Structure formats: C-alpha cells, structure tokens
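Undergrad: Here's a structure for you.
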Amino acid sequence: KQEVTQIPAALSVPEGENLVLNCSFTDSAIYNLQWFRQDPGKGLTSLLLIQSSQREQTSGRLNASLDKSSGRSTLYIAASQPGDSATYLCAVKGNEKLTFGTGTRLTIIP
Amino acid sequence: DAGVTQSPTHLIKTRGQQVTLRCSPKSGHDTVSWYQQALGQGPQFIFQYYEEEERQRGNFPDRFSGHQFPNYSSELNVNALLLGDSALYLCASSYDHPGWGTGELFFGEGSRLTVL
C-alpha cells in the first residue's frame with residue numbers, strides 16, 4: 001500500500017526567502033507525481049506534474065524534482081511571496097488512483 | 001474553457017439522510033474521480049469512473065455510490081449519512097490514455113458537506 005509523507009506539517013518563512021518542501025513515498029512503482037496548492041476551504045490547484053521518466057519540472061518560481069529510487073520529491077519555491085501562503089500537497093499516481101500526503105501548511109511572513 | 005465544476009458548494013444534512021453531489025469534468029476529459037477530504041487531512045480516493053463504469057474503488061463502504069453519464073459528468077451518492085461523512089468532497093477529471101494524455105488531474109472547488 002502506497003504511503004505518502006510530507007514533512008514538515010507547517011512552515012513559516014520571511015518573504016523573499018527560497019524554500020523547499022519535501023515529499024516521500026514508499027512504493028517507487030509510480031506513474032507520475034503531482035504537486036498541488038490548496039487555499040483554505042478551496043479545491044486543489046495543480047502546480048506541477050512529473051512523469052515517472054522525468055527528473056524535474058519547472059514553472060515560473062517553482063521547481064519540482066523526482067527521485068523514484070529513493071522515493072522522494074521536492075518542491076522548490078524561489079523568492080517567496082505572501083501570496084504563496086497555502087497548503088501544499090503532493091500526490092503519487094499508481095494503479096489509476098492518486099495517493100496524497102497530508103500536506104505542508106506554508107506561511108510567508110511579510 | 002471551463003474547468004471542473006461541482007455543485008452544490010455547501011450543504012447541510014442530518015444523520016440518516018441521503019445526498020447527491022454533481023461534477024462536470026474539464027472539457028476534453030473523460031475520466032472522473034471522487035475524493036473525500038476531512039479537515040486537516042489529505043484527500044482520500046473514493047472511486048473513479050471511465051466510460052460510465054466504476055473502474056477502481058478506494059476503501060469506502062457501499063453507502064458511497066456513483067454514476068457517470070454519457071457526457072462524462074458524474075454524481076456521487078451517499079446514503080444513510082453519518083456524522084463522520086462531514087467533509088469536503090472533491091471531484092477530479094483527467095484524460096490519461098497512454099500515449100495521448102499526461103494523466104494530470106484537475107480538481108473542482110469541492111462540495112462541503114456537513115452532517116448534523
């Protein structure tokens with residue numbers, strides 16, 4: 001059974017800093033890995049999708065990496081802004097369904 | 001291009017009642033998945049529909065059932081509601097056929113169900 005862990009559960013950093021969010025998973029037989037953002041009480045917004053054959057994906061200030069062999073992914077956010085404050089969830093796709101972590105609640109301090 | 005739309009956005013029910021939630025997938029998507037998200041938790045997979053059939057199911061009781069229509073829209077039905085069914089119910093759509101689709105999931109804003 002796939003298990004996805006995100007540490008830390010919460011993170012606060014001053015505006016302008018670069019930061020890294022971590023995601024680990026137990027079963028390396030994955031189809032892809034997706035990072036999402038969720039604002040309070042809202043749905044999930046897809047940020048980046050990494051296929052199992054890829055090592056990283058970039059979109060603007062975001063960069064996600066994938067190391068299947070070690071069961072790890074990181075989301076790098078450059079030059080953080082207050083608008084980046086949200087919960088970030090990683091999800092691993094294997095055998096048709098996504099398995100989510102519990103997320104990292106990020107707060108950017110102005 | 002409309003994304004994934006869900007209705008209703010909020011609803012309140014009492015224990016024992018039944019509820020139906022609706023989802024329209026993103027244009028061009030033919031696969032719909034439903035997730036339950038309790039407060040402070042990650043979404044949990046309920047089931048997935050493709051070609052009007054349930055393709056896979058998570059660890060949810062038979063009280064949870066669904067349907068997909070020919071236009072790819074979907075419904076989630078929950079019978080005999082329990083207090084523990086209170087959650088945000090999320091619908092996601094995708095087009096993940098090998099060689100054509102990326103498998104990326106797009107989510108709606110969810111339906112917030114409160115059971116009293």
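The values are calculated or read from the model by the stated rules, or taken from the named source; none is laboratory data. Quantities reported herein were computed from a predicted structural model and do not represent experimental measurements. For neighbour counting, all protein chains shown are included, and Cβ atoms are generated from backbone atoms with ideal geometry for every residue, glycine included. SASA here: full protein model, heavy atoms, side chains in, ligands and nucleic acids out. Shrake-Rupley method; radii C 1.70, N 1.55, O 1.52, S 1.80 Å.
Undergrad: So which residues in region B:52-64 are surrounded by 15 or more Cβ atoms within 10 Å (Cβ to Cβ) and within 16 Å of residue B:17 (Cα to Cα)?
TA: B:64
Undergrad: Output yes when any residue across region B:98-113 is at positive phi, surrounded by 18 or more Cβ atoms within 10 Å (Cβ to Cβ) and over 15 Å from the mean Cα position of the chain (by Cα), and no when none is.
TA: Taking every residue of region B:98-113 in turn, at least one turns out to be at positive phi, surrounded by 18 or more Cβ atoms within 10 Å (Cβ to Cβ) and over 15 Å from the mean Cα position of the chain (by Cα).
Undergrad: With the requirement that a residue be open to solvent by 20 Å² or more (accessible area, probe 1.4 Å), under 12 Å from the mean Cα position of the chain (by Cα) and polar (S, T, N, Q), what does region A:1-24 give you?
TA: A:5, A:22, A:24, listed by residue number.
Undergrad: Could you figure out which of (1) out of contact with any Ser or Thr (no Cβ under 9 Å at 6 or more places or on another chain); (2) more than 13 Å from chain A (Cβ to nearest Cβ); (3) under 22 Å from residue A:34 (Cβ atoms); (4) not acidic (Asp, Glu) isn't true of residue B:69?
TA: (3)
Undergrad: Go through (1) over 25 Å from residue A:36 (Cα atoms); (2) among the polar types (S, T, N, Q); (3) within 10 Å of the chain's Cα centre (by Cα) and name the single condition residue B:48 misses.
TA: (1)
Undergrad: Only one residue in B:14, B:5 is more than 18 Å from residue B:107 (Cα to Cα) and not acidic (Asp, Glu), so which one is that? Can you show your working first?
TA: Details: B:5 fails: more than 18 Å from residue B:107 (Cα to Cα).
Just a single option satisfies the conditions, and that option is B:14.
Undergrad: While we're on this one: Among residues belonging to region A:82-103 that are more than 7 Å from chain B (Cβ to nearest Cβ) and part of a strand (DSSP E or B), point out the one that is farthest from residue A:42 (Cα to Cα).
TA: Step one: of region A:82-103, the residues more than 7 Å from chain B (Cβ to nearest Cβ) are A:82-88, A:90-92, A:94-95, A:99.
Within this subset, residues satisfying the condition of being part of a strand (DSSP E or B) are A:86-88, A:90-92, A:94, A:99.
Details: A:86: 10, A:87: 10, A:88: 12, A:90: 16, A:91: 17, A:92: 21, A:94: 25, A:99: 19 Å.
Out of the qualifying residues, it is A:94.
For every residue, the table says whether it meets (1) among the hydroxyl-bearing types (Ser, Thr, Tyr); (2) away from every other protein chain (no Cβ under 14 Å); (3) under 21 Å from residue B:42 (Cα atoms).
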| site | (1), (2), (3) |
| --- | --- |
| A:12 | yes, yes, yes |
| A:16 | no, yes, no |
| A:23 | no, no, yes |
| A:26 | yes, yes, yes |
| A:37 | no, no, yes |
| A:43 | no, no, yes |
| A:46 | yes, no, yes |
| A:49 | no, no, yes |
| A:67 | no, yes, no |
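Undergrad: Which of the residues spanning region A:56-69 are closer than 18 Å to residue A:26 by Cα and either at pLDDT 95 or above or surrounded by 15 or more Cβ atoms within 10 Å (Cβ to Cβ) (or both)? Give the steps one after another, and end with the answer.
TA: Filtering region A:56-69 down to residues closer than 18 Å to residue A:26 by Cα leaves A:65-69.
Selection gives A:65, A:66, A:67, A:68.
Undergrad: Read through the list (1) closer than 15 Å to residue A:76 by Cα; (2) more than 15 Å from the chain's Cα centre (by Cα); (3) not basic (Lys, Arg), then give the number of the only condition that residue A:27 fails.
TA: (1)
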